[in-house]
Amino acid sequence: VQLQASGGGLVQAGGSLRLSCAASGSIFSINAMGWYRQAPGKQRELVAAITSGGSTRYADSVKGRFTISRDNAKNMVYLQMNRLKPEDTSVYYCYAQTVVGVVIWGQGTLVTVSS
């Protein structure tokens, strides 16, 4: 499985961005997909995840502002980020977890929120 993330950029506080992640390869083995983020000097943290069945979970800090969605037919996962805050500034990483528990990472995409 290979993952290609896109959609990062610079946005003002209160604005919106949508991240996309395309999966290719042995996609039949994918169960959960989602996004982590890592800010400078901080640990990587889970932002949002979605299973193949559509169950979702979010970090408390993004609940009500971010929405994760998945298009299984296109092998895509999206992260719609609204009401962005400066503290959302991070490198965002797409990931996929296979049915046997292997985690694959995409390259990071930088999100910068200016105040």
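Tabulated results
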{"quantity": "Residue under evaluation C21, criteria (1) modelled with pLDDT under 95; (2) assigned to a strand (DSSP E or B); (3) under 16 Å from L110 (Cβ atoms), criterion not met", "calculated": "(1)"}
{"quantity": "Residues of segment 27-43 satisfying the condition of being more than 12 Å from the chain's Cα centre (by Cα) and either in contact (Cβ under 8 Å) with a residue 60 or more places away in the chain or within 22 Å of V91 (Cβ to Cβ) (or both)", "calculated": "S29, I30, N31, A39, P40, G41, K42, Q43"}
{"quantity": "Count of segment 45-59 residues which are at pLDDT 95 or above, exposed (fewer than 15 other Cβ atoms within 10 Å of the Cβ) and not in a strand (DSSP E or B)", "calculated": "1"}
{"quantity": "Condition met for Q38 (open to solvent by 60 Å² or more (accessible area, probe 1.4 Å), closer than 18 Å to V103 by Cβ, in contact with an Asp or Glu (Cβ under 9 Å, 6 or more places away or on another chain) and not aliphatic (A, V, I, L, M))", "calculated": "yes"}
{"quantity": "Counted residues, segment 78-88 - those being open to solvent by less than 50 Å² (accessible area, probe 1.4 Å) and either of a type in the set (G, A, S) or part of a strand (DSSP E or B) (or both)", "calculated": "3"}
{"quantity": "Hits in segment 65-88 - residues which are under 24 Å from S114 (Cβ atoms) and either touching a residue at least 40 places away in the same chain (Cβ under 8 Å) or over 12 Å from the mean Cα position of the chain (by Cα) (or both)", "calculated": "R65, Y78, L79, Q80, M81, N82, R83, L84, K85, P86, E87, D88"}
{"quantity": "Unique match (being assigned to a loop (DSSP other than H, G, I, E, B) and either within 15 Å of the chain's Cα centre (by Cα) or of a type in the set (A, V, I, L, M) (or both)) among V91, V113, V62", "calculated": "V62"}
{"quantity": "Tally of residues being crowded, with 18+ Cβ neighbours inside 10 Å and either in a loop (DSSP other than H, G, I, E, B) or not polar (S, T, N, Q) (or both) across segment 94-108", "calculated": "5"}
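The values are calculated or read from the model by the stated rules, or taken from the named source; none is laboratory data. Remember, predicted model here, so these are calculated numbers, not experimental data. Positions of Cβ are backbone-derived with ideal geometry, glycine not excepted, and every protein chain shown enters the neighbour counts. Ligands, DNA and RNA are stripped out before the accessible areas are found, and what is left, the full protein with its side chains, is counted by its heavy atoms. Shrake-Rupley method; radii C 1.70, N 1.55, O 1.52, S 1.80 Å.
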